[in-house]
Each structure stands twice: as structure tokens, then as C-alpha cells.
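Novice: Structure incoming, see below.
Each value in this text was obtained by applying a stated rule to the coordinates, not by laboratory testing. These numbers were taken from a predicted model, which means no experiment stands behind them. So basically every Cβ, Gly included, is an ideal-geometry build from the backbone, and we count neighbours across all protein chains shown.
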Amino acid sequence: MSAGEPALVFEGQGGDAESVPRALGRDCPVCGDVVEEADAALGFPLSKIIFQGSPDELRRTAVAQPALVTIEVAHARHLLDMGVRPSALAGHSIGQYAALVVAGALDFRDAVRLAAHRGELMQSAVPDGEGAMVAISGLELSDVLDACRDGRPAGVVGVACDNAPGRTVVSGAADAVSAAVAACKDKGAISVELPVSVPFHCDLLTGVKDAFATALRQVTFRTPRIAVIDNVTARPLTAEDDIRSLLAEHIVARVRFRESMQRIAASGVGEVVQCGPGRSLIKMVGKAAPGVSAVTFDRYARQRDARFAGGH
């Protein structure tokens, strides 16, 4: 990893669905071409759902996941066209697929097809209302792990995301998540239920992991040309890593975003640009790596344009 240019981080599912069409705005002149490429790869009009669909449609995992990969790759391609040479890449959950595309490890068309298939498998794995994901603030990871153990008599529950110090997400069967959240609140935590249709990164998706492994075997992966910090291991992927097995495990494994950002910070990188809609990763980066500045794609693109226009 090089400290000279920013790292790019790619958003995961769980944010505000209404921000998705806004992310394909005037600050991304290549977005239209990338969306057309996604439509052709998928064989259905993802673009129509993005721009004309309801927020509920955009929250559906089978739509949200390829939509996020599309937007994030478009943002990154625009930055590359501007001359940005990312020092490192990291994705949050589905954002890992965008990171692999930008690193040259995975073709974009394969990535959106995998994202859509992954979303369909996840959507069918847990009936509506039987799962839940809840963000927990104010407790360290060890305390949340203890609370999840308290909730397990009611069903599957675990920590799906370790986002930053004092910022985690629990996921699993609805009753078990409720019990774990109650235990967290007893310790003073604040909780917010996430607007997702599937409980990600938990053992309820074990069957999905096995089915998705079959799809991954049909796709070509290459050694990343830019360092990609893996969600499962929180370290850079290398030629020796089996990306297929890591992406299958990724479905049930905890997202280790806090450790990923700390690794990027330790390498000397001083700036992170979030690609994708919303700004939830900005807050996570600020807490996980306080010495690293974090900025959204649109702001960074405008700032870089202004610097070059001014001759700097």
C-alpha cells in the first residue's frame, strides 16, 4: 500500500435506499455507461428500478446488491479517469465486489451477476419477518459478543459487523436478536434496527454459502493489482488466497471493517474516499481510524477538479 493517494472504500447494504438514485448524479459522468453495462449483464433493467422504483423495491436484496456494485464501480472509474491511483481498496460487505472489480481481480459483468444471484439466494433463505439486523452503539465488541451468547437460547444470533470502536451490528433470528439487543441495552447501549430484508453475515445463511460456492466456481478471478483488504481476514488479498472460498465464507462471516481501516491507517494512508450512496462509512472510518480523513465521492471529485483547475 502507498500513502501517496487515497484509499477507496465501498458501501454495503443497509443504508438509505432513497440515496441510491441520487448517487448517480452530475458528479459522475461515467455512471450512465456503467449502468447500461449492468443492464446488459443482468438481462433486466436495473437502471429502471434505480430511477423509477420505490424505496421498498430498492431495499430488496436481489436489487440492492447489484445496484450498489454498479454505483460504486462507476464512482471508482470516474476517479480513475481523473488520475486517482488508489493506495488501497476495501469494501463493506457487498462493497467487496466493487473493490475486486476496481483491483482488476473480477470482471464487472461477472460481479453484478454474482451480486444479483447472491441477493436472490439470501432473499429466499429467510422468510420476511423471521430475521433482523440491529446496529448497536456504545458497547465494545466483547460486550456485544457476550450479549449475543445470552440471546442464543432463542435462536441464531451473532455479530455481523465490527464497524468501529463502540459500533457493531447484530444479526440473526428475530427473537434471538431481540434478546441480544435487550442485553445490550441493559449495559447502556443504543440500538437502531436496520432497514434490510435479510439478516446478513450470520449462520442462518449457511445454506446460501454452500449454494453460492457453486456459482463462484464458474467465474474467473485474478490476483488484485491494487491491495484489497479482505472483509473476512482484514488483511490484503494475495496471489495465494483462494478468493472464491473467502467470498463464500463472507456470506456468514463477520465484516471486520474496524480492523480493515486500522490496517489502512497503519500503512500511512491519510485519506479515504467513500464510493457509493450515503455517507455511513465516513462515520465508521472516523471512529476506527481517527488519524485518517474521510470524504464522500462527490465532494472529493469536486475538490480534485478545483485543485487541477487552479493549477495545483
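Novice: Helix 297-309 against the longest principal axis of the chain: what's the angle in degrees, Cα atoms only, rounded to the nearest 10?
Specialist: Rounded to the nearest ten degrees, it is 20.
Novice: Only Lys, Arg, Asp and Glu count, each charged at its Cβ (+1, +1, -1, -1), so figure out the dipole size of the chain about its Cα centre, rounded to 20 debye.
Specialist: Value, rounded to 20: 660 debye.
Novice: Normalised by the residues of the chain, what does the relative contact order come to in percent, with Cα pairs under 8 Å and at least six apart?
Specialist: 24 percent
Novice: Points 7 angstrom from Cα along the Cβ direction at residue 210 and residue 30: gap in nanometres?
Specialist: Rounded to a tenth, the inter-label distance reads 4.1 nm.
Novice: Give me the angle, in degrees from 0 to 90, between the Cα long axis of helix 61-81 and the longest principal axis of the Cα atoms of the chain, rounded to the nearest 10.
Specialist: Its long axis makes an angle of about 30 degrees.
Novice: Determine, for each peptide in 61-70, 272-281, the mean count of other beta carbons within 10 angstrom over its residues, then list the peptides with the highest first.
Specialist: So the order, starting with the most tightly packed, is 61-70, 272-281.
Novice: Put a dot 7 Å past each Cα toward the Cβ at residue 51 and residue 175; how far apart are the dots in nm?
Specialist: 4.7 nm
Novice: On C-alpha positions alone, give me the angle between the axis of helix 257-266 and the longest principal axis of the chain, in degrees, nearest 10.
Specialist: Roughly 40 degrees between the two axes.
Novice: Excluding residues on the same chain fewer than 8 positions from residue 48, give the lysines whose Cα lies under 17 Å from its Cα.
Specialist: Partners found: none.
Novice: Multiply the residue separation of residue 242 and residue 217 by 0.36 nm, subtract the distance between their alpha-carbon atoms, and state the gained length in nm to one decimal.
Specialist: My answer for the length gained is 7.9 nm.
Novice: Further question on the same structure: What is the calculated FRET efficiency for residue 259 to residue 40, with r their C-beta to C-beta distance and R₀ = 35 Å, to the nearest 0.05?
Specialist: With a Förster radius of 35 Å, E is 0.40.
Novice: Which lysines have a Cα less than 22 Å from the Cα of residue 287, not counting those fewer than 8 places away in the same chain?
Specialist: List returned: 185, 187.
Novice: Once fully extended, how much extra length lies between residue 85 and residue 203, figured as 0.36 nm per residue of separation less the alpha-carbon to alpha-carbon distance?
Specialist: Between residue 85 and residue 203, full extension yields 38.7 nm more.
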